[in-house]
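Report on the structure given below.
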Amino acid sequence: MHAVVIFESIWGNTEQLAREVAAGIGGERTEVLDAESAPAALDEDVDLLVVGGPTHAFSMSTASTRESARQQGAVHIPAWGIREWIEALASPARAVPVATFDTRVVTPRLPGSAAKKAMKRLVGKGFRPASKPESFGVHGYTGPVADGELERARQWGTEVAGLLPLS
Ligand SMILES: Cc1cc2nc3c(=O)[nH]c(=O)nc-3n(C[C@H](O)[C@H](O)[C@H](O)COP(=O)(O)O)c2cc1C
């Protein structure tokens, strides 16, 4: 199986979770790529796309919310997030299965999910949902990832891969 996991991360929490998801998917051809440098077209043989990013202002980040993160002390601010990557992404030649996840603060629990918004855009491009959008909890804006969430992310990766039709 050829799986591609695309992530966006400012403080590193979403990246850590993306690596766990990839480990859960397993396989020899599972790539983990930062949205900032990932190509805007997928190889034709990709069997599963996973996209994960932080929830900012109830949705996917924008240049402006990333600028707010800088004002809150973040050092690494990606020029491109998953929103821009999805926008630039070419429509797939066939309905490639896609799964999305996001990170959100544990307290206070806020409405809105980057994963849901990302899924909507990806389905609009011609991808097929492999599972429901998933959220993982972080403490505050900077993290760390909440207890048990790294393990749950790995398990979720395994579950998503298990939902794919055998080829
Ligand atoms: C400008 C901004 C807006 C945010 N808005 C939300 C929000 O609406 N809901 C939420 O749960 N978390 C919100 N957060 C917290 C982020 O989700 C958190 O920083 C992120 O999950 C950490 O992941 P990262 O280390 O991969 O960047 C916001 C953070 C920033 C910087």
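No value in this document is a laboratory result; all are computed from the given coordinates. Not measured: the values here are computed from a predicted model. We place every Cβ from the backbone using ideal geometry, glycine too, and count neighbours over all the protein chains shown.
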Rounded to the nearest Å, what's the spacing between the alpha carbon centres of segment 41-85 and segment 100-119? Just the number, please. 13
Stretch Q71-D34 to full length: gain in nm at 0.36 nm per residue minus the Cα-Cα span? 11.1 nm
Relative to the chain, whose Cα atoms define the longest principal axis, helix 114-125 and its Cα axis are tilted in degrees, nearest 10, by 40
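Net charge within 10 Å of F7 by Cβ-Cβ distance, Lys/Arg positive one each and Asp/Glu negative one each, not counting F7 itself?
On the way: positive: R19; negative: E8, E15, D34, E36.
Computed value for this residue: -3.
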For the ranges 69-75, 29-35, what's the packing order if you count other beta-carbon atoms within 10 Å of each residue, average per peptide, and put the highest first? 29-35, 69-75
Hits among aspartates and glutamates - C-alpha to C-alpha of K132 under 13 Å, sequence gap 8 or more where chains match: D102, E159
On a 0 to 90° scale, report how tilted helix 13-25 is relative to the longest principal axis of the chain, with both axes built from alpha carbons and the result rounded to the nearest 10. 20
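With the contact rule set at Cα under 8 Å and sequence spacing of 6 or more, what percent relative contact order holds for segment 2-162?
Values: 343 pairs, mean separation 47.7, N = 161.
This gives 30 percent for segment 2-162.
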Using only Cα atoms, tell me the angle between helix 149-162 and the longest principal axis of the chain; keep it within 0 to 90° and round to the nearest 10. 20
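With Kirkwood's inverse mean 1/r over C-alpha pairs for Rh, give me the Rg to Rh ratio of segment 2-162, two decimals please. Each step should come with its number before you reach the end.
Values: Rg = 14.4 Å, Rh = 15.4 Å.
Here Rg/Rh amounts to 0.94.
Can you show me the helix-derived [θ] at 222 nm for the chain, built from DSSP H runs with n ≥ 4 at -39,500 (n - 2.57) apiece and divided by the number of residues, rounded to the nearest 500.
On the way: 5 runs with 55 residues, N = 167.
Computed ellipticity for the chain at 222 nm equals -10000 deg cm²/dmol.
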Amide H proximity to T30 below 5 Å, modelled H, separation 5+ or other chain, gives A3
